Each structure stands twice: as structure tokens, then as C-alpha cells.
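The structure under discussion appears below in the form of C-alpha cells.
The values are calculated or read from the model by the stated rules, or taken from the named source; none is laboratory data. All of these numbers come straight from a predicted model, not from anything done at the bench. Note that we place each Cβ from the backbone using ideal geometry, even for glycine, and neighbour counts take in every protein chain shown.
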Amino acid sequence: MDKYKVFIDGKAGTTGLKIYERLGSREDIEILLIDEDKRKDNDERARLINSSDVVFLCLPDDAAKEAVGLCTNDRVRIIDASTAHRTAPGWDYGFPELSEKHRENIRKSRRVANPGCYASGFISLVYPLVQAGVLPEDYPLTCHAVSGYSGGGNKMIAAIEGPEKTKEMCSPRQYALGQKHKHLPEMQKITGLKYAPMFNPIVDDYFSGMVVSVPLITRCLTKNYGLNDIYEIMAAHYAGQHFVKVMGPGDTESIKDGFLAANTLADTNNMQIFVLGNDEQVLLASRFDNLGKGASGAAVQCMNIMLGIDERCGLE
């Protein structure tokens, strides 16, 4: 059996390492490796990029743009895990569960932008309701999110796991206080909102997993929707999806003792969507792994779709 050749540009980062781990045991994949001393050698990077069937970019934004410029082979499929191309023309957004059009675009694409982790949670909650006409496009949305510290990359991991860890690092820490988080542009564009949401991300002292929450005041919706109405719309939107499941309003198995933990789905590519609250105040929550469905798992899932492989391959 011929193997697909895959190059991970930026394998040393958290997302790159996870993609490498997920693909390492697959018999249908040959991973092309760059010598350690040539990681910044553009000639060698270009050779590997153009020799590949699929290239994953796990790089800072400027380096990701540079890598795309090194590709001269029209056959090569590129999946960019950086922020660089998530709202760029000519790139397809890598969230296949959003709609059949998204899935089909990914299947045909040569250029896929992998969603941001926080953005995946927000978009999973808001996109279906905008599409269904439930949420006005100018609704003043607020998004609260908590993530494990692995989302901060190798530098944050080293700080929190190292000997210089401070007392403050043992607590939840809210950041992006100036409302300029890098995920906001895709959160607004992909959902079709007129205004960006108020976004309050928090990093906490555990390794991976996240919960992204969006509260809704039902009297401000386009008409009188109650808790069960919202649940039925969400459940219908994601019906039949393997990795995204909408949990029933009465579900207690996944919410232990009244607490919605953020690390329950760590090391998986699964996403659970909760519709909580009451008829006046609905709390939407999306739980998943920031390194899974929020990064490497989503990237591998997109690769599978692009290659015509069962999207679950290597992700179970």
C-alpha cells in the first residue's frame, strides 16, 4: 500500500508534537522528518513541503505565511494550525461539523485553516443559532472560557511545570484583558456576527481540556425560545456527527455533583455541547480538549477528510 507523505513544519511545538503522536502509529502515513540543524533552512523546508501529500503548519503566523510561499507544488494540501489564514480568502475553515458545506469544502480543499481552540468552542455554540435565526446578528454576546495551561505553548508549560512556578500560577488567571485576543476575528467572521463578542479567557493550573460558555438572555432573542427549544435546535444541527454530541438538558452523568469539569475530554477529539439553565437564562457550554478537537485532533480529522479516509482514523 502506498503511504501518504506528511511533513509537520513546527513539530517541536505542542500542536506539532500531538499531530506527530497521532500519526506515528498509522500504517498509511509516512512522516517526513527534517534534520534538527535544518529546521530554519528554507531550502530544506521547501524540499520537504513540495515532496509531501499533506503539510501541517504548526508555526507562528509569519512563519506559516512564509511556509505557504515555499510551496510550489499544486498537489500539496496544507493545513495551517496558526492564526494566519483563518479569515483569509482562499482558505477553507476546518470545522466539518458546522455544515455539509464546510465538510465538502474541506474535502475538496488544498488550503485548510485549522480553528483556534477557544474559537472552536464559541463557534460550535453560536453558529447553529445564527443559522437558525435564533440569535440576532447584533446580539451583544459574552463568552467565558477556561483552558488548561498547555494552550499557552511550550513557554507556559515550562513555567508552570518548572521550579520557578509562582503562587499566582496555582490559580485561575484571566487574560486578554484589553479584548484583543487573536481568536476574536474568526469567532466573529465564521458565526456571521455583526460585532465581536466580549471574550473572557482564563488559564488554570491543569494540563489540558477546556470549557467555553456563552450565556443567553432569552427575552433578547428573535422570538420566545425556551431552554428545550434551544436544545432541540442544537441537537438537530449536530445530529449524526461522530465527534460532536449535544447533551440533553437532564443529563447528569457528564456533570458530576453539579460541576462541569473542563478536563473530562482530555486526550480525545470529542466535543460535548451542553444546554443548561432555564427558560429565561440559557447557558450554552462546549467542552473538549484544547490539544484535541481544539488543535491537533481537528487537524488530523481535516486531513482524513481531505484524503478521503474515514475521519475517525487515528482519533479514537
Right, residue 52: hydroxyl-bearing (Ser, Thr, Tyr) and either more than 25 Å from residue 316 (Cβ to Cβ) or surrounded by 15 or more Cβ atoms within 10 Å (Cβ to Cβ) (or both) or not? yes
Some residue of segment 89-107 being in contact with a Ser or Thr (Cβ under 8 Å, 6 or more places away or on another chain) and either part of a strand (DSSP E or B) or not assigned by TED's automatic domain parsing to the domain that holds residue 74 (or both): yes
Would you confirm whether any residue within segment 127-141 is surrounded by fewer than 24 Cβ atoms within 10 Å (Cβ to Cβ), closer than 18 Å to residue 176 by Cβ and touching a strand residue (DSSP E or B) at 6+ places or on another chain (Cβ under 7 Å)? yes
Test residue 269 against the stated conditions and say whether it is under 25 Å from residue 174 (Cα atoms), buried (at least 16 other Cβ atoms within 10 Å of the Cβ) and of a type in the set (S, T, N, Q). no
Quick check on segment 189-229: of everything there that is in a loop (DSSP other than H, G, I, E, B) and of a type in the set (S, T, N, Q), which residue is surrounded by the most Cβ atoms within 10 Å (Cβ to Cβ)? 208
Only residues that are in contact (Cβ under 8 Å) with a residue 60 or more places away in the chain and of a type in the set (S, T, N, Q): list them for segment 152-197, please. 154, 191
Please go through segment 142-174 and give me each residue that is hydroxyl-bearing (Ser, Thr, Tyr), touching a strand residue (DSSP E or B) at 6+ places or on another chain (Cβ under 6 Å) and not in a helix (DSSP H, G or I), ordered by number. 142, 147
Residue 87 versus (1) crowded, with 16+ Cβ neighbours inside 10 Å; (2) in contact (Cβ under 8 Å) with a residue 40 or more places away in the chain: which is the lone unmet condition? (1)
Here the residues within segment 1-38 that are loosely packed, with under 12 Cβ neighbours inside 10 Å and not in a helix (DSSP H, G or I) are 1, 2, 25, 27, 33, 35
Quick one: in segment 41-76, which of the residues that are small (Gly, Ala, Ser) and over 19 Å from residue 29 (Cβ atoms) is farthest from the chain's Cα centre (by Cα)? 46
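Please work out if residue 309 is among the β-branched types (Val, Ile, Thr) and outside any loop (DSSP other than H, G, I, E, B). Please lay out each step first, then the result.
On the way: among the β-branched types (Val, Ile, Thr): yes; outside any loop (DSSP other than H, G, I, E, B): no.
No; evaluated as a whole, the condition is false for this residue.
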So the check is Cβ under 7 Å with 6+ separation or different chains; which pairs have a first residue in segment 219-243 that's farther than 22 Å from residue 99 by Cα and a second one that's part of a helix (DSSP H, G or I) and of a type outside the set (Asp, Glu)? 225/218; 226/218
